[in-house]
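The values are calculated or read from the model by the stated rules, or taken from the named source; none is laboratory data. As the structure is a computational prediction, the values presented were derived from the model and not from experiment. Quick reminder, even Gly has a Cβ in these numbers, built from the backbone with ideal geometry, and neighbours come from all protein chains shown. We work out accessible area using only protein heavy atoms, side chains counted, and drop any ligands, DNA or RNA first. Shrake-Rupley method; radii C 1.70, N 1.55, O 1.52, S 1.80 Å.
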Amino acid sequence: MMAKVWNFIFFQVGWFACVLGAAHNQAFWAVLGTLLYVFFHIWQSEDRKAEGVLLCKAFIYGVSTDSLIMNLGFLGFNDLWPSQYLSPAWMWALWVLVASTINGSLIWLKGRPILGAALGAIAGPLSYEAGMKLGAGNWGMGDKLPGMVLISLVWAVAIPLFFYWNKTTSDRV
């Protein structure tokens, strides 16, 4: 139980660190700290290989979807390192951080894909909006509704997909 609580706390701390770091063009230390936590998370995991595979898949999904939405003009990020064509590294760290909650603080969603999709569809865009309000980016074309709808769809797919990947990876590894 305490491991889930710590997972939730580290997720929150990592989220704030990355977003505030990006807002002040100082995301490097936040990304580094988040990645150190992620490595610790994998190291203490019951199935390190399966956890690592899940986090890698989530990373690819997150970078791909955020980069696409950004290149379509619906999202703008501060601190665009390493490329103006990819979502920034601090967002990469956040995607991996979210995936670290699948076997941690979000385990209660296991076997509940509809609830996971609903949570993703609501919490995803709210998280992005909070990040925008804190100065980590903007909604691109000036109207946040299209961006929020796209983010809602991305996250409605992401949470159930991460649980599916977690199950299939664990079954094969």
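Candidates in the range 8-40 are the residues that are modelled with pLDDT under 95 and among the polar types (S, T, N, Q); of these, the one that is nearest to Leu80 (Cα to Cα) is Asn25. Taking each residue of the range 5-32 that is within 16 Å of Ile102 (Cα to Cα) and looking for partners that are of a type in the set (Phe, Trp, Tyr) and open to solvent by less than 90 Å² (accessible area, probe 1.4 Å) with beta-carbon atoms closer than 8 Å, six or more apart or interchain, yields Phe10/Tyr37; Gly14/Tyr37. Determine if the range 41-63 includes at least one residue that is assigned to a helix (DSSP H, G or I), buried (at least 20 other Cβ atoms within 10 Å of the Cβ), modelled with pLDDT of 95 or more and hydroxyl-bearing (Ser, Thr, Tyr). Looking for residues that are assigned to a helix (DSSP H, G or I), buried (at least 20 other Cβ atoms within 10 Å of the Cβ), modelled with pLDDT of 95 or more and hydroxyl-bearing (Ser, Thr, Tyr), one finds none in the range 41-63, hence no. Screening Ile107 on (1) closer than 18 Å to Asn166 by Cβ; (2) buried (at least 22 other Cβ atoms within 10 Å of the Cβ); (3) of a type in the set (A, V, I, L, M) shows it passes everything except condition (2). Condition check: in contact (Cβ under 8 Å) with a residue 12 or more places away in the chain, crowded, with 16+ Cβ neighbours inside 10 Å and either under 21 Å from Met91 (Cα atoms) or of a type outside the set (S, T, N, Q) (or both). Does Lys144 satisfy that? Taking the combined requirement at face value, the residue satisfies it.
Within the range 74-90, identify whether any single residue is under 25 Å from Asp143 (Cβ atoms), open to solvent by 30 Å² or more (accessible area, probe 1.4 Å), outside any helix (DSSP H, G or I) and among the aliphatic types (A, V, I, L, M), and answer yes or no. Yes, that holds for at least one residue.
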